[in-house]
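Below is one structure, written out as structure tokens, with a few remarks after it.
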Amino acid sequence: MESMTFILFGATGDLAKRKIYPALYNLFADGKFPSSFSVIGLGRREVPDAQFQSNVEQAVQTFSRRKPQDSAQMQQFLSAFRYCSLNVNHPEDYKKLLQLAEQREAELGIKSNRLFYLSVAPEFFDVIALNIQNSGLGHTEGWKRLIIEKPFGHDLESARELNEKLSKAFAEDEIYRIDHYLGKPMVQNLEALKFANPFLQDVWNHDYVANVQITAAETVGVEERAGYYDHSGAIRDMVQNHMLQMLMMTAMDKPAQVTASDIRAEKRKVMEALRPLTAEQVQNEIVRAQYGRGELNGKSLPGYKEEPDIGPDSQNDTFIAARVWIDNEKWAGVPFYIRTGKRMAEKSTRIVVEFKRDAADPYAAQGQPATPNLLVISVNPQEGATLSINSKNPMNGKLETVHLTFNEQNKEVPEAYERLIYDALRGDSTFFAHWDEVELSWKWVQPVLNAFQAGTVPLHTYAAGSYGPEASAKLLAEHGFTWWLDD
Ligand code: BG6
């Protein structure tokens, strides 16, 4: 791997501590890092290098999946880190940064390959990109790349504006838009499950699939993020990005080759075929809700409006369920249901594919119809897959459901951030969101946002600790289905 300089905006932030430093350390310890590299952390505050290195070490000790044992190795890792204070709006600070980057490149004798990682509030994305360009930081002998966190825009228009600005400094193939769900092992595995198994490939279509249910349920509430979340809601926070990305990965057709461009082309086709919603349809196809008081595991939980820094009149959604249709030959007539919410009954991200029943089920005549086959892909916190099939119980001769399961037990599996940073270092953009995907996702979401804004979609309430409002169950019941695995 080519040597490089990793330039991190937001170096004193929470994401850096919890995810980015541990990921860098794990890659380093796994030998997945270039032999020569430099890391420059940036933040507003003045922090001496020694302090910065000790903060990084602390973050690694606390949050890394690998616990550092070898102190010489840790020292070698930390010796690559420097800190530079920077006000994102001050062009002269970028000059200072350029000097430091060049000085480190000269000290290490490495070519200027620069990875810029923006782990900062979204309002700074464009000004940083502009200053990278204007200061000369972006003029490298080798490559330059930009990793950018979500949210990518607040709606279709702002996403387009942001992209326009970024594209003045970085070409599309230099921009790596993080959607950490694309870094999750089982989301990445979807591609292999579908395309490396002919028996699944053959039934992955409307002839055999009755419906698909994609759930991302969380038990946490708004936490300390009221300022952001109360203006975003579940629709922007989860649906526009993670949920639609999982939908694309689930529904996409076989790529000509397993390459970034072919996979992204297939994902784009899914979004192009996703049926747009009219303002009126939004009312029937989308369920919007907010959690009220409730309890989980015997602990009583506050309602959303009682959470710190949330106003008593907030009309924000903390839960969304949607029924969507992919109007192409493969998926004609198959409803895809997506559902996500805070303060639900369990933390679980899963994709359930329900297969059609046999219209001529011979067991139905005997009063014990076969239950539908399900393929359950567990994304988080368990990782694995279960295929449920009907089998005859040898004791009583009756049909029963049995599960063929694989569970990933290996705790050494790299985390999403490790995988994604590693891919960006290698220049592999397969599991990053392409602008086309982001734009098409916003295009689909925009009428939903408009309808929410216009107040034409009721805001249901659900008890904290539950599986969401009744309306979400009704959405499936309209086509004779139920959410699987809700206990
Ligand atoms: C983030 C959202 O993108 O994903 C959070 O902003 C959410 O609100 C989180 O909690 C969920 O991620 P995970 O990996 O825990 O499912």
Lone unmet requirement of (1) surrounded by 18 or more Cβ atoms within 10 Å (Cβ to Cβ); (2) over 17 Å from the mean Cα position of the chain (by Cα); (3) not in a loop (DSSP other than H, G, I, E, B) for V239: (2)
Subset tally (residues that are open to solvent by 10 Å² or more (accessible area, probe 1.4 Å) and under 17 Å from the mean Cα position of the chain (by Cα)) for the range 182-212: 5
Filter pass, V258 being open to solvent by 50 Å² or more (accessible area, probe 1.4 Å), among the hydrophobic types (A, V, I, L, M, F, W, C) and either away from the ligand (no atom under 16 Å from the Cβ) or assigned to a loop (DSSP other than H, G, I, E, B) (or both): yes
Segments classed as helices (runs of 4 or more DSSP H), wholly inside the range 391-487, with at least 1 members that are in contact with a strand residue (DSSP E or B) (Cβ under 9 Å, 6 or more places away or on another chain), more than 29 Å from A192 (Cα to Cα) and in contact (Cβ under 8 Å) with a residue 40 or more places away in the chain: 435-454, 470-477
Test for L459: is it within 26 Å of the chain's Cα centre (by Cα), on the phi > 0 side of the Ramachandran plot and not β-branched (V, I, T): no
Near pairs, Cβ below 6 angstrom, 6+ apart or cross-chain, from the range 171-188 (over 25 Å from I132 (Cα atoms) and outside any strand (DSSP E or B)) to any residue that is among the hydroxyl-bearing types (S, T, Y) and near the ligand (Cβ under 9 Å from one of its atoms): V187/Y181
Flag for A251 being among the small types (G, A, S) and over 30 Å from S466 (Cα atoms): no
Failed item, numbered, when R44 is tested on (1) modelled with pLDDT under 95; (2) over 26 Å from the mean Cα position of the chain (by Cα): (1)
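For S378, state whether it is within 16 Å of the ligand (Cβ to nearest atom), open to solvent by 10 Å² or more (accessible area, probe 1.4 Å) and either farther than 18 Å from A289 by Cα or in contact with a Leu (Cβ under 8 Å, 6 or more places away or on another chain) (or both).
Here the answer is yes, as S378 does meet what is asked.
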Pair list, Cβ < 7 Å and 6+ apart or interchain, from the range 262-286 residues that are free of Cβ contacts under 8 Å to residues at least 40 places away in the same chain to residues that are open to solvent by 70 Å² or more (accessible area, probe 1.4 Å) and among the aliphatic types (A, V, I, L, M): D262/A256
From the options E218, E224, residue that is surrounded by fewer than 21 Cβ atoms within 10 Å (Cβ to Cβ) and modelled with pLDDT under 95: E224
Test set (1) within 16 Å of the ligand (Cβ to nearest atom); (2) in contact with an Asp or Glu (Cβ under 7 Å, 6 or more places away or on another chain); (3) not in a strand (DSSP E or B) - Q290 fails condition number: (3)
Failed criterion for F199 (all others in (1) within 16 Å of the ligand (Cβ to nearest atom); (2) in a helix (DSSP H, G or I); (3) modelled with pLDDT under 95 hold): (1)
The range 162-181 - residue that is over 19 Å from the mean Cα position of the chain (by Cα) and hydrophobic (A, V, I, L, M, F, W, C) and, of those, nearest to the ligand (Cβ to nearest atom): L162
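Condition check ((1) within 16 Å of the ligand (Cβ to nearest atom); (2) within 30 Å of E272 (Cβ to Cβ); (3) open to solvent by 30 Å² or more (accessible area, probe 1.4 Å)) across all residues:
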| position | (1), (2), (3) |
| --- | --- |
| G303 | no, no, no |
| D309 | yes, no, yes |
| Q315 | no, no, yes |
| I326 | no, yes, no |
| K330 | no, yes, yes |
| R339 | yes, yes, no |
| E346 | yes, no, yes |
| T349 | yes, yes, no |
| Q366 | no, no, yes |
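Quick check: is even one residue across the range 219-240 charged (D, E, K, R) and more than 16 Å from the ligand (Cβ to nearest atom)? Outline the logic, then answer.
First, pick out the residues of the range 219-240 that are charged (D, E, K, R): 223-225, 230, 236-237.
Retained after the next criterion (residues that are more than 16 Å from the ligand (Cβ to nearest atom)): none.
No, there is no match, as no residue in the range 219-240 is charged (D, E, K, R) and more than 16 Å from the ligand (Cβ to nearest atom).
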Tally, over the range 434-476, of residues that are more than 19 Å from D313 (Cα to Cα) and either among the charged types (D, E, K, R) or open to solvent by 60 Å² or more (accessible area, probe 1.4 Å) (or both): 7
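The values are calculated or read from the model by the stated rules, or taken from the named source; none is laboratory data. It should be emphasised that the depicted structure is a prediction, and the values quoted were computed from it without experimental measurement. Ideal geometry is used to build each Cβ from the backbone, glycine not excepted, and the neighbour counts take in all protein chains shown. Only protein heavy atoms, including side chains, enter the accessible area calculation; ligands, DNA and RNA are left aside. Shrake-Rupley method; radii C 1.70, N 1.55, O 1.52, S 1.80 Å.
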